[in-house]
Amino acid sequence: MWTENDVTIVEVSWLKPHEEIKLKARDKLLEMTKRWGGFTKPVLVDSQTGSLLDGHHRLSVAKELGLSKIPAICLDYLASEEITLELWPNSSLTQISKESVIEMCHSGDLFSPKTTKHTTTFDLPPILVTLEELK
């Protein structure tokens, strides 16, 4: 089970997204993040490549706020059985693989919003990492 002790602080510049975001959802999260004064959920990242697996809106919020760091859970994506990948029902793709997610992260291109759905065997731990700590 993941706990707050598993959360590390990583450089925003290290992360490589694979999916576009919905600006309306990002803006709502931005306001909530400002109200809370920090992040209450870490992003999920491949420890080998910096590929962002979950938390694209949180990453966008960090960039909007000019933060250099973000709280993250890092795991070995390709080797881990704690994380599985599937497509959202309305995705335009017919199949997806962990390898294709990593490739997209390094391609400079992005999937449409809500293409990939990552599921973990454990919930991400609730946290509060203040915006001050992430500047």
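The values are calculated or read from the model by the stated rules, or taken from the named source; none is laboratory data. If you're wondering where the values come from, they're calculated on a predicted model, not measured in any experiment. A quick note on method: Cβ atoms are made from the backbone with ideal geometry, for glycine too, and the neighbour counts reach across all protein chains shown.
Among the residues of the stretch 123-135, what is the count of those that are more than 13 Å from Val7 (Cα to Cα) and either exposed (fewer than 11 other Cβ atoms within 10 Å of the Cβ) or out of contact with any strand residue (DSSP E or B) (no Cβ under 9 Å at 6 or more places or on another chain) (or both)?
2
What is the number of the single condition among (1) part of a strand (DSSP E or B); (2) of a type in the set (Val, Ile, Thr); (3) in contact with a helix residue (DSSP H, G or I) (Cβ under 8 Å, 6 or more places away or on another chain); (4) over 21 Å from Glu4 (Cα atoms) that Ile73 does not meet?
For Ile73, the exception is condition (4).
Test Thr119 against the stated conditions and say whether it is touching a strand residue (DSSP E or B) at 6+ places or on another chain (Cβ under 9 Å), surrounded by fewer than 16 Cβ atoms within 10 Å (Cβ to Cβ) and either in a strand (DSSP E or B) or not polar (S, T, N, Q) (or both). Give the steps one after another, and end with the answer.
Values: touching a strand residue (DSSP E or B) at 6+ places or on another chain (Cβ under 9 Å): yes; surrounded by fewer than 16 Cβ atoms within 10 Å (Cβ to Cβ): yes; either in a strand (DSSP E or B) or not polar (S, T, N, Q) (or both): yes.
Yes: the conditions hold for Thr119.
Among the residues of the stretch 14-26, how many are assigned to a strand (DSSP E or B) and either surrounded by fewer than 14 Cβ atoms within 10 Å (Cβ to Cβ) or over 12 Å from the mean Cα position of the chain (by Cα) (or both)? Steps first, answer last, please.
First, pick out the residues of the stretch 14-26 that are assigned to a strand (DSSP E or B): 16, 19.
Then drop every residue that is not either surrounded by fewer than 14 Cβ atoms within 10 Å (Cβ to Cβ) or over 12 Å from the mean Cα position of the chain (by Cα) (or both), which leaves none.
Going through the stretch 14-26 one residue at a time, the tally reaches 0.
Looking at the structure I just gave you, is Ala79 assigned to a strand (DSSP E or B), small (Gly, Ala, Ser) and either under 13 Å from Asp46 (Cβ atoms) or in contact with an Asp or Glu (Cβ under 8 Å, 6 or more places away or on another chain) (or both)?
For Ala79, the condition - assigned to a strand (DSSP E or B), small (Gly, Ala, Ser) and either under 13 Å from Asp46 (Cβ atoms) or in contact with an Asp or Glu (Cβ under 8 Å, 6 or more places away or on another chain) (or both) - is not met.
Just to be sure before I move on: is Ser91 over 16 Å from Pro42 (Cβ atoms), hydroxyl-bearing (Ser, Thr, Tyr) and at pLDDT below 95 in the structure I sent?
yes
Among the residues of the stretch 34-66, which ones are outside any strand (DSSP E or B) and polar (S, T, N, Q)?
Once the filter is applied, which keeps residues that are outside any strand (DSSP E or B) and polar (S, T, N, Q), the stretch 34-66 yields Thr40, Ser47, Gln48, Thr49, Ser60.
Does the stretch 82-116 hold any residues that are polar (S, T, N, Q) and either without any contact (Cβ under 8 Å) to a residue 24 or more places away in the chain or assigned to a loop (DSSP other than H, G, I, E, B) (or both), and which are they?
Scanning the stretch 82-116 gives Asn90, Ser91, Ser92, Thr94, Gln95, Ser97, Ser100, Ser107, Ser112, Thr115.
For the stretch 27-35, indicate whether the set of residues that are buried (at least 20 other Cβ atoms within 10 Å of the Cβ) and out of contact with any His (no Cβ under 7 Å at 6 or more places or on another chain) is non-empty.
Yes: one or more hits.
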